[in-house]
Amino acid sequence: MPDPRTPLISGNWKMNLDHFEALRTLQKLAWLVPKDVLSKVDVSLHPPFTDLRTLQTSIEVDRMEFLLGAQHCHHETKGAFTGEVSPVFLAKLDVKLVICGHSERRELFGETDEMVNAKVKAIFAHGMTPIMCVGETLAEREAGETEAKVLGQVVAGLQGLKKEQVAAMVIAYEPIWAIGTGKNATAQDAQSVCASIRAAVAASFGAEAGASVRIQYGGSVKAGTVAELMAQPDVDGALVGGASLDPDEFAQIIAIAAEH
Ligand code: 13P
């Protein structure tokens, strides 16, 4: 059966690059990534909120094929939530994909599975696609609890969704011990966890949703490691932090992913 899933490479810029720096990075990336590559791989860029309008304008005016993304949003549409950003505001900026449940949000800002589930629903409600992150700590991995932790987060985060929604979304498996550490799961480990996620999705939402949901791996992905990851049947892309800040390296990652 041909693989129905277009690879998705996402650059999570985290709290890096002001709007001038972000614009320069975008322009350099546009110059480095040929259009025919972007017909084979989807690429989303997730800058800080303050850069979104600048990137939106540049993507539109220069007809770039990058998808604009955000790193987070609140689940309510408006109200007394000082410092938060509504999914409505993101949709107005042509944001297409929103990361939610990143381990940094869960660990540093206390986001629970229930909050992540509410965000996934809010992102869909406003016409965008969630990239829902899941992953285990080093202690959980060493205790043999990787699958229990990851699949628990998957089931909780997808609670109450329609199967068509699950089919259209993205799940990012990011082992916490691999984020920003230079360590990464072996391609075989990544494949094994991603296959379990797909099986769990199929068990709850049907074979079609299992076959369609895109599953990314994240955690110290570099140009030198992405080929082996992308060769795995259940790895459909990568959520890239540090290496996405360097346009040369990120362009190489995109080009390699386009070959899979
Ligand atoms: P690094 O690629 O810097 O390890 O970050 C991964 C990540 O957290 C992407 O969301």
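Mind checking whether some residue in segment 2-25 is surrounded by fewer than 19 Cβ atoms within 10 Å (Cβ to Cβ), part of a helix (DSSP H, G or I) and in contact (Cβ under 8 Å) with a residue 60 or more places away in the chain?
no
Looking only at helices (runs of 4 or more DSSP H) that fall completely inside segment 137-249, which ones have 1 or more residues that are touching a residue at least 60 places away in the same chain (Cβ under 8 Å)?
On the way: elements: 138-142, 146-158, 163-168, 187-205, 207-212, 226-230.
It comes to 187-205, 207-212, 226-230.
Kindly indicate which of VAL33, VAL37, VAL43 is under 30 Å from LYS149 (Cα atoms) and either basic (Lys, Arg) or touching a residue at least 60 places away in the same chain (Cβ under 8 Å) (or both). I'd like the intermediate steps shown before the answer.
Numbers: VAL33 fails: under 30 Å from LYS149 (Cα atoms); VAL37 fails: under 30 Å from LYS149 (Cα atoms).
The unique qualifying residue is VAL43.
Of these, LEU161, LEU151, LEU229, which one is surrounded by 22 or more Cβ atoms within 10 Å (Cβ to Cβ) and out of contact with any Cys (no Cβ under 9 Å at 6 or more places or on another chain)?
Details: LEU161 fails: surrounded by 22 or more Cβ atoms within 10 Å (Cβ to Cβ); LEU151 fails: surrounded by 22 or more Cβ atoms within 10 Å (Cβ to Cβ).
Every option except LEU229 fails the conditions.
Do we find that GLY224 is within 18 Å of the chain's Cα centre (by Cα), under 30 Å from GLU21 (Cβ atoms) and surrounded by fewer than 22 Cβ atoms within 10 Å (Cβ to Cβ) in this structure?
Details: within 18 Å of the chain's Cα centre (by Cα): no; under 30 Å from GLU21 (Cβ atoms): yes; surrounded by fewer than 22 Cβ atoms within 10 Å (Cβ to Cβ): yes.
So GLY224 fails the test.
Conditions (1) away from the ligand (no atom under 16 Å from the Cβ); (2) at pLDDT 95 or above, marked per residue:
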{"position": "PRO4", "(1), (2)": "yes, no"}
{"position": "ASP18", "(1), (2)": "yes, yes"}
{"position": "LYS40", "(1), (2)": "yes, yes"}
{"position": "SER44", "(1), (2)": "no, yes"}
{"position": "ASP62", "(1), (2)": "yes, yes"}
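Select from segment 207-252 the residues that are near the ligand (Cβ under 10 Å from one of its atoms) and hydrophobic (A, V, I, L, M, F, W, C) and list them in ascending order.
Passing the criteria: VAL221, ALA238, LEU239, VAL240, ALA243, LEU245.
Looking only at segment 87-103, count how many residues are more than 18 Å from TRP13 (Cα to Cα) and basic (Lys, Arg).
Total satisfying the criteria: 1.
The values are calculated or read from the model by the stated rules, or taken from the named source; none is laboratory data. Predicted model only: the values in this text are computed from it and were never measured. Neighbour counts run over all protein chains shown; Cβ positions are idealised from the backbone, glycine included.
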